[in-house]
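The values are calculated or read from the model by the stated rules, or taken from the named source; none is laboratory data. Keep in mind that this is a model prediction, so the values were computed, not measured. Don't worry about glycine lacking a Cβ; one is built from the backbone with ideal geometry, like all the others, and counts go over all protein chains shown.
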Amino acid sequence: MDKPFPTISVVTPSYNQGQFLEETICSVLTQTYPSVEYVVIDGASSDGSKEIIRKYADELTYWVSETDKGQYDAINKGFARTTGEIMAWINSDDKYTPWALTVVADIFRAFPHVEWITSVNPIRWNARGQVVHVDFTGGFNRHSFLRGGNFPVSGSHGRRWIQQESTFWRRSLWERAGGRLDCSLGLAADFELWARLFQHADLYGVSAILGGFREHGEQKSIHQREQYMREADQTLRSYGKWPCSVGQRLLRDSIWKVFRQHSLASISPQLRSLLHQTGLFYPASVAVWKGKEWEMITGFVV
């Protein structure tokens, strides 16, 4: 593949996560990918995080430790310091797999029409940094997302988040979608960003494991889960497709439970067309490794 390597810009917002911060930083800096911009924005931590960041200062594109207006303000500030074609953020207690950025670059180089991607096999790390769970989400589709397909709450057929730690997008898409995270949301600005990105481009799945969420019990997303859910719910309602009727939710939930394991199976174009005509199955494109190259297949979600 003779296309140039796109620069990948990664931002880490940091605040009093010194226990895990060095692992996060190293998960970016030890990537074998040759063209990375890495920015760390620390919110004036008081737990030694600043000293950890300074230890790697020569390898960072930019860093600062100063009072900010929260996680999403820090991420916006960080992205304003970057220029890369591909963008992502990784929180200061999470981390990437060692091969993540090479896979991401390969996908974007091989498929110029693809504007954002995420893994269909998200992982969770424990507090020790060990992989303790690998999930399977199936693919992704805008219509399914707006009906709650990626909103795993009671009353939704969705049982799969779009994992922020495994999501990457082109800067051109970011700019078309407003070029910012919504700081009026305290917790679910990532979910709101996905909703905006979906208005401009399809989300493509990737079979490779790219990154993971670290479960250590002290995350805001755990202690303030109800607030996150309220903000995500409000986001979906603003697009007018959620909540689905009770009948639709029950039907889609049952269908997904039965067909989930077959959602990326190779099926004939005729059968695929028939499934889509029912209005219950949506096409979902996923990049998979076929021995020598990445190839795009079309599965389904409900």
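All of 211, 217, 240, 247 fail the test of being of a type outside the set (Val, Ile, Thr) and surrounded by 15 or more Cβ atoms within 10 Å (Cβ to Cβ), apart from 211. Residues that are in contact (Cβ under 8 Å) with a residue 60 or more places away in the chain and either crowded, with 23+ Cβ neighbours inside 10 Å or not in a loop (DSSP other than H, G, I, E, B) (or both): does the range 179-190 have at least one? Yes; the residues of the range 179-190 include at least one that is in contact (Cβ under 8 Å) with a residue 60 or more places away in the chain and either crowded, with 23+ Cβ neighbours inside 10 Å or not in a loop (DSSP other than H, G, I, E, B) (or both). The residue list 161, 169, 242, 174 contains one member that is more than 27 Å from residue 131 (Cα to Cα), of a type in the set (Phe, Trp, Tyr) and not in a helix (DSSP H, G or I), which is 242.
Yes or no, residue by residue, for (1) in contact with a strand residue (DSSP E or B) (Cβ under 6 Å, 6 or more places away or on another chain); (2) modelled with pLDDT of 95 or more; (3) farther than 25 Å from residue 37 by Cα:
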| residue | (1), (2), (3) |
| --- | --- |
| 90 | yes, yes, no |
| 135 | no, no, yes |
| 138 | yes, no, yes |
| 147 | no, no, yes |
| 154 | no, no, yes |
| 165 | yes, yes, no |
| 178 | no, yes, no |
| 203 | yes, yes, no |
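State yes or no: is residue 131 in the same structural domain as residue 288 (by TED's automatic domain parsing) and modelled with pLDDT of 95 or more? Yes: the conditions hold for residue 131. On inspection, residue 139 passes the criterion of being closer than 30 Å to residue 246 by Cβ and either out of contact with any helix residue (DSSP H, G or I) (no Cβ under 8 Å at 6 or more places or on another chain) or among the hydroxyl-bearing types (Ser, Thr, Tyr) (or both).
Return the residues of the range 39-82 that are of a type in the set (A, V, I, L, M, F, W, C), out of contact with any helix residue (DSSP H, G or I) (no Cβ under 6 Å at 6 or more places or on another chain) and assigned to a helix (DSSP H, G or I); say none if nothing qualifies. Matches in the range 39-82: 53, 57, 74, 75, 79.
Number of residues in the range 110-120 that are in contact (Cβ under 8 Å) with a residue 40 or more places away in the chain and surrounded by fewer than 17 Cβ atoms within 10 Å (Cβ to Cβ): the value is 2. Could you tell me whether the range 56-72 includes any residue that is charged (D, E, K, R), assigned by TED's automatic domain parsing to the domain that holds residue 89, in contact with an Asp or Glu (Cβ under 9 Å, 6 or more places away or on another chain) and surrounded by fewer than 18 Cβ atoms within 10 Å (Cβ to Cβ)? Yes, the conditions are met somewhere in the range 56-72.
Rundown of residues vs (1) in contact with an Asp or Glu (Cβ under 6 Å, 6 or more places away or on another chain); (2) among the aromatic types (Phe, Trp, Tyr), yes/no style:
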{"residue": "162", "(1), (2)": "no, no"}
{"residue": "170", "(1), (2)": "yes, no"}
{"residue": "188", "(1), (2)": "yes, no"}
{"residue": "192", "(1), (2)": "yes, no"}
{"residue": "199", "(1), (2)": "no, no"}
{"residue": "214", "(1), (2)": "yes, no"}
{"residue": "228", "(1), (2)": "no, yes"}
{"residue": "231", "(1), (2)": "no, no"}
